[in-house]
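Note sheet for the following structure.
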Amino acid sequence: MAPSKRLTTCSALAPLALGLAVALVSTPPAWAQVQVQSLAAPDLFSAPAAETGLSADLWKDASPGVAQDALPKLAAKPLSPATAGLARRVLSTGAHAPAGMGDDPELGATRALALIALGEAKGADAVLDRAPGVAASAPLSMAAAEAALMTGADDKACKIGEALSADRGGPYWLRLRAFCQAIGDQHDAAQLTLSLAVQQTKDADYARLMNALLSGAPAGAANLRNGVNYALSRKLGLDLSSAAAVASAAPALKPPPKPVEVAADLTAAQAQVLAALRAAKGLAAFTDAAKASLPAIAALAGADAPLEDPVLLARAALAAGDAATARAIRGKLTGDSVPGATTQDLALLDATLAAAEGRKDGQVLDGLIERGLQGGAKSPAQPAALILAAFGAPMDAEARARFATFDPGKSAATAGRLAVLDDAAAAGRQGEAALLALSIAADAGPSGPGPVDRARLVRALLKAGLETDARAFAVEGLLALQVK
C-alpha cells in the first residue's frame with residue numbers, strides 16, 4: 001500500500017480507536033461491578049440439623065429471653081406429639097440468631113440437648129460439628145459427647161472429652177473419662193477415675209455397668225438413661241430391646257413402636273388393631289399404637305370388608321398423620337347408623353378431618369355448634385368448636401350467637417405470654433412465636449394445652465405462617481377430646 005493511502009486509512013481509524021479506548025477506560029469490567037458482601041459468621045443456631053422448609057430468617061428479631069425460657073423445657077419435659085413435632089422443626093432449622101442468642105453457649109447447648117431429647121441425636125451431632133467454641137464450653141462439649149455416644153461414635157465422644165479446656169472435673173466428664181480409659185485398655189486409670197466418679201454422683205446403673213466392663217462380672221440389664229450408660233450397655237453386648245432397657249431409656253433412645261404386621265386375614269388384623277388402640281391409655285400411647293397400626297388400618301380402609309369400629313380406625317389414622325386414609329374410612333360411612341358411633345362422634349371426626357386438611361369448613365363448624373348447644377357445657381363439642389373456629393371458618397348470625405354462649409374452660413397460660421405470642425405472630429417474628437407456643441405447650445405437660453389455650457396457639461401459629469404445626473395442634477386437641 002502506498003504511504004499516502006496508509007496515512008489516509010490510519011486517519012480514518014483514529015476516531016474509532018479513540019472511542020474504543022474511552023469505552024474501555026470508562027466502563028469497568030464485569031468483575032469490578034460485583035459488590036462483595038460479607039457472610040455472617042456462623043453462630044450456634046445457623047447450622048441445620050435437617051431440612052425443615054422453614055426460612056433462614058426464622059430467628060429474625062427473636063427475643064433471647066424468650067429462648068432462655070422455652071429451650072430448657074424442651075430438653076427436660078415430656079411433650080405432646082404436636083409439641084414435639086413443632087420443637088423438632090424449629091430447632092432443626094439452620095438460621096442466624098439475633099445478637100445475644102446465637103453466641104450464648106448455654107442456649108446453643110440447650111438447643112442441642114433438646115434435639116437429642118426429641119430423638120434427633122444425629123442432627124444434633126451434625127449441628128455441633130459446625131458449632132464454634134465447643135472445646136471451650138463444658139455444656140456444648142457435653143451435648144456433643146452425648147450426641148456422639150447415642151449415634152455409636154464412642155471414639156469421637158472420647159476425643160471431645162479430651163479436647164475440653166474448661167470444667168473437666170465435673171461428674172459427667174469423670175464418668176465419660178472412666179469409660180474411655182476402659183475401652184482404651186487403661187484399666188488402672190479407669191478404676192481410679194471410676195472411684196472419683198462414684199464419689200461425685202449416685203448412678204448405681206453406671207457403677208454396675210462400669211464394674212462389669214472392668215472386672216468381667218455379670219452386668220445385669222442394659223440401661224439407656226443417657227449416652228454413657230447406653231455406650232456401656234452396647235460395649236457389654238447387652239440386650240438393648242429388653243423390657244428393663246426400654247423402661248430406663250431416655251426419649252432419644254426409646255425404640256420406635258413395632259409395626260403391626262398386616263395379616264392375610266383382615267378380620268384378624270382388625271381385631272388385633274382395635275385391641276391395641278383400645279388398650280392405649282392417654283393420647284401419647286394412642287398415637288404410638290396408631291402409628292404402629294397404620295399399615296393395617298390403611299389395608300382395612302382399602303378393602304371391601306365391613307369395619308367393626310370405623311370411627312376409632314379413622315381417629316387412629318389421623319393420630320398417625322394419615323388424613324387420606326381417615327378420609328377414605330369416612331367416605332364409607334353413610335346414614336345415621338354407624339357401628340360404635342353417635343352423631344356427636346361423627347361431628348367430632350368431621351371436625352378433626354377438617355383441621356387435618358386445613359379447611360375452613362363452616363358446615364362442619366355449624367354441626368359442632370349445634371351438638372355443643374344440645375349437649376351443654378359438658379359436651380366435648382363445645383371445646384372442639386372453639387379449636388376448629390381458630391381456622392377462621394365462617395359462622396352465620398345464629399351460629400355466632402350460639403357460639404358466644406359456650407364456656408369450654410379457662411386458660412392455664414399467663415396473660416402476658418399469650419399477649420406476646422399474639423404480638424409475635426402479628427409482627428411476623430416466626431421463631432419467637434414458635435418458642436412462645438412451645439413454652440405454653442410444654443408447661444401443659446404430655447397431653448398438651450387445654451382447649452382454650454390450644455385454640456389461641458392454633459390461631460397464632462396460622463398467623464405466623466406455621467400452618468403445618470397449627471394443623472397438628474388442632475388435630476391433637478380434637479383427638480384428645482375423643483380418646484379416653
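Quick look at the numbers
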{"item": "The chain: DSSP helices with Cα axial extent of at least 27 Å and average Kyte-Doolittle hydropathy no lower than 0.5", "result": "3-26"}
{"item": "Contact order relative to length of the range 64-253, as percent, for alpha carbon pairs under 8 angstrom and 6 or more apart", "result": "16"}
{"item": "Cβ charges +1 (Lys, Arg) and -1 (Asp, Glu), total dipole of the chain, debye", "result": "400"}
{"item": "Dipole moment magnitude, nearest 20 debye, the range 225-321 about Cα centre, only Lys, Arg, Asp, Glu C-beta charged", "result": "640"}
{"item": "Dipole of the range 64-253, positive end: most advanced residue of S241, L149, M210 [Cβ charges, Cα centre]", "result": "S241"}
{"item": "Proximal lysines to K235, defined as alpha-carbon separation beneath 16 angstrom and excluding residues fewer than eight positions away on the same chain", "result": "K156"}
{"item": "Amide H contacts under 5 Å for N223, placed H, 5+ residues apart", "result": "S233"}
{"item": "Proximal lysines to K77, defined as alpha-carbon separation beneath 27 angstrom and excluding residues fewer than eight positions away on the same chain", "result": "K60, K122, K202, K254, K258, K281, K291, K410, K463, K484"}
{"item": "For the range 193-215 and the range 72-113, distance of Cα centres in Å", "result": "32"}
{"item": "Whole-angstrom gap from the range 119-181 to the range 249-320, using each part's C-alpha centre", "result": "39"}
{"item": "Normalised contact order of the chain, rounded percent, pairs of Cα under 8 Å and 6 or more residues apart", "result": "15"}
{"item": "For the range 64-253, projected area of the alpha-carbon convex hull averaged over all directions, nm²", "result": "10.7"}
{"item": "Charge dipole (debye, nearest 20) of the range 64-253; +1 at Cβ of Lys and Arg, -1 at Cβ of Asp and Glu", "result": "340"}
{"item": "Structure-derived Rg and Dmax of the Cα atoms in Å - corresponding label in [x] 25.0, 82; [y] 21.5, 64; [z] 30.2, 113", "result": "[z]"}
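Only the coordinates and a few stated rules stand behind these numbers; no lab work does. Small disclaimer: the values here were computed from a predicted structure and weren't measured. No Cβ is skipped: glycine too gets one built from the backbone with ideal geometry, and neighbour counts run over all protein chains shown.
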